[in-house]
Amino acid sequence: MIMGDRGTGKSTTIRAIADLLPEIEVVKDNQFNTAPSEDLNEEIVKIKTPMIDLPLGATEDRVCGTIDIEKALTDGVKAFEPGLLAKANRGILYVDEVNLLDDHLVDILLDSAASGLNTVEREGISIRHAARFVLVGSGNPEEGELRPQLLDRFGMHAVIKTVKDPKLRVRVVEERTLFDLNPEEWINKYREQQEALKTRIIAAQNLISSVTISDDFKLKISQVCSELDVDGLRGDIVTNRAAKAYAAFNNRTEVEIGD
């Protein structure tokens, strides 16, 4: 979750994440980005990690998907048109201005985030599919508060404020101008840095299963969460995971106090 003033690059920052993520293997022509199984007959392809935008005005059918009742009744097959949750499976679901999201869509996200599944039911016909995604949101706190139930689903939170340093503001303007004049040249200018960061992220993903965190640090995390009166245990879980991820990102197999 990124909250902050208008025009501070929240959406740009989040959408840029997609280019840093590694490709994933999926079953070819699969609607749900299903991971390959041990079935040797499956044709496997690699795709970019999905980055799906959820518009504020989206309907329930667009988010969850729809069932063609007529085809189901006449042909006896479950004709399913996937929604945004299906497309976001094994990827990122991004909600801009998440604090303005309609309550009925919030409820849908809460159900899917809790179960990792999306269920569509129409006229006695039911379809269920995997909907495991990283929920990412951004918004301006001045435009409204986020429902506590949904806020609880965001493990990490960052606040962006408008840059006050005149020199840094000038640099931002200059970089934006260069990008507008020649986007391809600007991208190539930073490609090497971006590829290095991408390689580092992939290495961290491969290493994280080997990262350990001592009992003392686990206790410290829980003590902090308790002292801050954090509701539930999600704060403890997320902090443990984040510390291990940061250690892996720094090519370490043991969590340190700085993590």
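Odds and ends about this structure:
- Pairs, first assigned by TED's automatic domain parsing to the domain that holds Asn140 and within 14 Å of Val63 (Cα to Cα) in segment 99-117, second part of a helix (DSSP H, G or I) and of a type in the set (A, V, I, L, M, F, W, C), C-beta under 6 Å, six or more apart: Val106/Leu150; Ile108/Val63; Ser112/Leu85
- Any hit, segment 120-127, residues being within 30 Å of Leu101 (Cβ to Cβ), touching a residue at least 12 places away in the same chain (Cβ under 8 Å), surrounded by 14 or more Cβ atoms within 10 Å (Cβ to Cβ) and within 26 Å of the chain's Cα centre (by Cα): yes
- Cβ-Cβ under 9 Å pairs, at least 6 apart or on other chains, segment 139-168 side over 17 Å from Asp5 (Cα atoms) and touching a residue at least 60 places away in the same chain (Cβ under 8 Å), far side of a type outside the set (A, V, I, L, M) and outside any helix (DSSP H, G or I): Leu151/Glu145; Leu151/His157; Asp152/Asp231; Asp152/Gly232; Phe154/Gly137
- Any hit, segment 153-176, residues being of a type outside the set (A, V, I, L, M, F, W, C), under 23 Å from Ala18 (Cα atoms) and more than 26 Å from the chain's Cα centre (by Cα): yes
The values are calculated or read from the model by the stated rules, or taken from the named source; none is laboratory data. Just so we're clear, the structure is a prediction, and the values are computed from it rather than from any experiment. With ideal geometry, Cβ positions are generated from the backbone for all residues, glycine too; neighbour counts draw on all protein chains shown.
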